[in-house]
Amino acid sequence: MKPSLQLKLSQQLNLTPQLQQSIRLLQLSTLELNQEIERIIQENPLLELNEGWNAKSFDSDETKNESQPGTATDEKQTVQTDQDYNLDWSEGSSYSSNTYNEEHELPQIAAEPLSLREYLNQQISLSQVSEREKKITSLLIDSLDDDGYLIQDLNELLEMLPTELGINIDDLNQALTYLQHLDPPGVGARNLQECLLLQLQNLPKNTPHLSQALEIVAQYLDVLASHDFALIKRLLKCDDQSLRAIQKLITNLNPKPGSDFNNADIRYIIPDIIVSKVNGAWVATLNMDALPRLNINHFYANILKQKHEESSQGLSAQLTEAKWLIKNLQQRSSTILNVSNAIVERQQQFFEHGEIAMRPLVLREIAESLGLHESTVSRVTTQKFMRTPRGILELKYFFGSHVATDTGGACSATAIRALIKQLIQKENAKKPLSDNKIANILEEQGIVVARRTIAKYRESMHIPPANLRKTF
C-alpha cells in the first residue's frame, strides 16, 4: 500500500495525528526518514540535531542497491537482443569499448559522466567529415536506444524528415556506416547479429579463430544459441578445442554496447540493523550511526517557559509536535529492533550455513510473538535492512512461501532455490540436470516439489534450461 494511501486511510479511521505520524515514520526507509527529518527541522524551530550528527554521515555504511533479483529492463521489440538467442555472456565483455586499445578508452572525467549520445557526438565533432554528414549522423544518434541499438528504420526515419533538408536514403546509409565505426564497437547495430559482427570486424585481423567466429555469427548464430555443438563442428569442420575457443570469442563480446553509459538512478541502502555473533549466538543491534538524534531546542523552550501570551501558542504547538516526533522515532527504532531480533532468533541456521538452511517464516508468526498487528510487521520489514556477514539484506528477505516435506515438516522456498542452484553448479555440464531430474533428487531428500515449481524457481534465478546449459 502506498504511503499516501495509508495516510488517507488512517485519517478516515479517525486516528490521532500522533498515531498517523507513527505509522508514516515506520513505513519510511532510513534514507527517506533522514530526508523527512531534515524537512521537519526546517519547519519546526523547537527541534535540533545533536551536534556532530548530520543526515549525510552514512557514507561508510551506504551500499549501492544493485538490480534486485527478478528485475529486468524493458527490451525494445524492434531490436533482436542477446536474450532472443539465449547466449551466455557470463565470461564478461572482454572486448568492451575500454578494452580494445588505449585509443578507444573512455575519457576520464571527474564531473558528471558522459551519456552515450554525448560521447558519440563528441567523437563526430572532432572528426574530419563534413558538417552535413555530422548533422545526419547526429540524427541517427538521437534514434539510438540506451543499449546503443538503432531502433528506427532508416526508411521510416527518412519519411519523418522535412523534404527541404534534401536528405535521401543513401545519405542515411552513409551516416549509419560512419556511426557504426565509432566507439564503443557495435553501436548503431539494428539487431544482435549485426552488433556482434561489428565487434568482431573491429578486432585485429590476426585474432585466432576470427574468421570462424564471423561465419558462425553471420550464418549459424541460432545453432550456437541452441547449443547444437555437434552440428556446428560438422559445419565448420573443427574439433572441440577450436569450438571452445570460437564460442569464448563470441560470448566475450558485449551484446549491449551502450549499457556502460546508462546512468540509472543510484539508490542507497542504509542498514538499520547490524547482525553479529555474540557468545556463540547471532544477535541484532541497532545501527546507531543511522539513527537521527534529535533534541528539543532549549533556547526556544526557555522562551515558552517565560511567556504565556497568545503569541507563543504557535511555539507551544510546535513543542508538542517535537516531543511527539522524538517519541515516535524512539518507538520506531524499538519496533524495528524487536522484529529484527525475532527474525534473527528464528534464522540462526541461515546465518551459520546460508540460504540452504533458511527456515519457513511468515509475518503472522513474528506478529503473534511480539503482540503486534501483522500489518505493522509488514511495514517494519519493508525497505528496512540488516547488515550481516552474508551481505545487506532486506528484512522481508527472511519471509516467504514454503513447501511441505514427506516427513510432515516444511522447507522454505529460499532454501529450495539454494538447493537447486547447488545441484546445477555441481552437475555434469555435458549432461545437465533436467527440471524433472532435479525434482526427483529433491524427492529423495524428502522434499516433494513439482517439476513446474522447479522450473519457476530456476527461471527466477535466471538459470537457463538444461538444453541451454549443455556444453561439450
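Does at least one position in the stretch 94-111 carry a residue that is open to solvent by 30 Å² or more (accessible area, probe 1.4 Å), at pLDDT 50 or above and farther than 30 Å from Tyr397 by Cβ? Before you say what the answer is, go through the steps one by one.
In the first step, residues of the stretch 94-111 are kept if they are open to solvent by 30 Å² or more (accessible area, probe 1.4 Å); the result is 94-95, 98-111.
Pick out the ones that are also at pLDDT 50 or above and you get 111.
Those still in the list that are farther than 30 Å from Tyr397 by Cβ too: 111.
So far as the stretch 94-111 goes, yes, one or more of its residues are open to solvent by 30 Å² or more (accessible area, probe 1.4 Å), at pLDDT 50 or above and farther than 30 Å from Tyr397 by Cβ.
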Task: Residue check for Asp146: of a type outside the set (S, T, N, Q) and within 16 Å of Asn254 (Cα to Cα) - done: yes
TODO: Sort out which residues of the stretch 182-206 are surrounded by 14 or more Cβ atoms within 10 Å (Cβ to Cβ) and part of a loop (DSSP other than H, G, I, E, B), and write them in order of number.
DONE: Leu182, Asp183, Pro184, Pro185, Gly186, Val187, Gly188, Ala189, Arg190, Asn191, Asn202, Leu203
Open item on the list: Any residue that is over 22 Å from the mean Cα position of the chain (by Cα) and open to solvent by 30 Å² or more (accessible area, probe 1.4 Å) - is there at least one of those in the stretch 388-401?
Closed with: yes
- [ ] Report yes if some residue within the stretch 404-411 is within 30 Å of Thr285 (Cα to Cα) and not charged (D, E, K, R); otherwise report no.
- [x] yes
Open item on the list: Could you list, ordered by first residue, the pairs with Cβ atoms under 7 Å in which the first is in the stretch 235-254 and open to solvent by less than 20 Å² (accessible area, probe 1.4 Å) and the second is β-branched (Val, Ile, Thr), at least 6 apart or interchain?
Closed with: Leu243/Ile232; Ile246/Ile216; Ile250/Ile216; Ile250/Val217
Open item on the list: I'd like the full set of residues that are more than 33 Å from the chain's Cα centre (by Cα) and open to solvent by less than 50 Å² (accessible area, probe 1.4 Å), limited to the stretch 221-230.
Closed with: Phe229
Task: 3 or more residues polar (S, T, N, Q) and within 17 Å of Met461 (Cβ to Cβ): qualifying helices (runs of 4 or more DSSP H) within the stretch 358-450 - done: 413-425
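One line per residue, one yes/no per condition, for (1) without any contact (Cβ under 8 Å) to a residue 24 or more places away in the chain; (2) open to solvent by less than 60 Å² (accessible area, probe 1.4 Å):
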{"position": "Leu319", "(1), (2)": "no, yes"}
{"position": "Gln330", "(1), (2)": "yes, no"}
{"position": "Ser334", "(1), (2)": "yes, yes"}
{"position": "Gln348", "(1), (2)": "no, yes"}
{"position": "Ala367", "(1), (2)": "yes, yes"}
{"position": "Gly371", "(1), (2)": "yes, no"}
{"position": "Phe385", "(1), (2)": "no, yes"}
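Counting just the residues of the stretch 166-181 that are assigned to a loop (DSSP other than H, G, I, E, B) and open to solvent by less than 50 Å² (accessible area, probe 1.4 Å), which one comes out farthest from Lys248 (Cα to Cα)?
Of the residues in the stretch 166-181, the ones assigned to a loop (DSSP other than H, G, I, E, B) are 166-168, 180-181.
Add one more test, that the residue is open to solvent by less than 50 Å² (accessible area, probe 1.4 Å), and what stays is 166-167, 180.
Numbers: Gly166: 45, Ile167: 42, Gln180: 23 Å.
Within the stretch 166-181, the match that is farthest from Lys248 (Cα to Cα) is Gly166.
The values are calculated or read from the model by the stated rules, or taken from the named source; none is laboratory data. The shown structure was predicted, so the numbers you read here are calculated from the model rather than taken from an experiment. Backbone-built Cβ (ideal geometry, glycine too); neighbour counts: all protein chains shown. Ligands, DNA and RNA are stripped out before the accessible areas are found, and what is left, the full protein with its side chains, is counted by its heavy atoms. Shrake-Rupley method; radii C 1.70, N 1.55, O 1.52, S 1.80 Å.
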